[in-house]
Each structure stands twice: as structure tokens, then as C-alpha cells.
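Read-outs: derived from the displayed coordinates by stated rules, not from any lab. Since the structure is predicted, the reported quantities are computational estimates derived from the model, not experimental observations. We place every Cβ from the backbone using ideal geometry, glycine too, and count neighbours over all the protein chains shown.
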Amino acid sequence: MVAEVVVVPAYNEGKTIAAVIAKIKTHRPSVVVVDDGSNDNTFQQAKDAGAVVLKHKVNLGKGAALKTGCDYAVRLGAKKIIAMDADGQHDPEEIPKFMAALDTHDIVFGCRQIPKTMPLVFRFGNKVISKTMHLLYNINVHDSQCGYRAFTADAYKKIRWEAQDYYVETEMAIKAGKKKLKHTMKPIETIYADRYKGTTVLDGAAIVVKMMGRRLWH
């Protein structure tokens, strides 16, 4: 049984995953990587770095990979779960403050300090998604698309999502609002690579449409 587990969904992140795991282990030794059907050396790099590695035979999407990892963490007996990306954009130095916040909250949302180098279209899209979610579901999360977040095992059972893609972050927040879970936000530094990865303009538009549709029909 382990008290705290860091879950890292990964798809073709062989170049960064070992360094990410090494940094995580300086704070929390239990790391679960879910290789989501990668066709590079992600699996071997993660295994050699000392993580428990689960593998999807085919690429199912971030939401599916994260759920696989969180389900496994719960089976291990974890009381606290932290989710972070595999590409090095999330700084493991932030882990202790997420874990500390879970002593008094059910879920902790990371909020990126958005640099000017992030394309304007993505900054605008993130705001639209967050504002729409607040209006429709009455939960205020300033950076609804940030994948760096933490939750208790009990909270996970209440927010366990169906989304297999990038809608996972949105669905997670919506369910937290519906279940009236006690939540907080933590500002984080984000390390951006040469190209922005994550929710695209089309992904963002699809998320807004999906939120509106589910609000109308549920």
C-alpha cells in the first residue's frame, strides 16, 4: 500500500519521460506511467527510470490513459493522486504544495502562469472554455485545461470520467462542481517547449459544444 501516487499519461514521450520521472522521485517515489500506445521507446525509458509502467496496445487518448493510471493507483491503496504531463511542461517541484493542499481539499487544480510566448489563440480559447464552464456548471477554475492537478482517492471515485480525449480536464472539473467537492487552485510555472502541445482550436471548440450539449440534455 502506498499513500501517494503520481500518475503520468504518456504518448511518444521517450525523449522527456526519464527526466520527468527522476524529478518526480525526488519528492514522491511512487510513479505510475501509462504508455498510451506509443511507437517510440517511451515504455522502456519509463521502466528504466524506475516507474511502474502500464501499456495500452493502441493509442486511446489522454483521458483513457489517465483513468487507467488512476484506477491502478486506487488498487494500490493510494490516498492521494497527482496527475501531470510527461513532456516536461509541468515542474515536479510543485508536487509538495499540491499534496499539502489535499489535506484540506478534495481536489486541487493547477493554474498556469501563461507566458506571452503562448499563442494568443490558445490563451483566448482557454478563457472561453473556463468562462463557459463557470456559467453552465457554476464551478470557477481559472485554467480549466491545465492537466496538472491532484485529488484524493475518495474524490476520484466521484469524478471518474468517461472522456478518452482532452475533454478529460473539463469533465473532471464539471463533476467536481456537481458533487460539490471542496476545491482550490494553485498557481504553477509552466515550461513551454518550442511548440505548444495540448488542446487545439478545434479541440477547444468541441469542448465548448460538448459542455453546452450536456448542460441542455442532462
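Some observations on this one:
- Each of the peptides 145-158, 52-65 was scored by the mean count of other Cβ atoms within 10 Å over its residues; in descending order, highest first, they stand as 145-158, 52-65.
- Gain in span if fully extended, K97 to N39, counting 0.36 nm per residue against the direct Cα distance: 17.5 nm
- Those lysines that a straight Cα-Cα span of less than 27 Å connects to K182, excepting residues fewer than 8 apart in one chain: K62, K67, K79, K80, K97, K127, K131, K157, K158, K210
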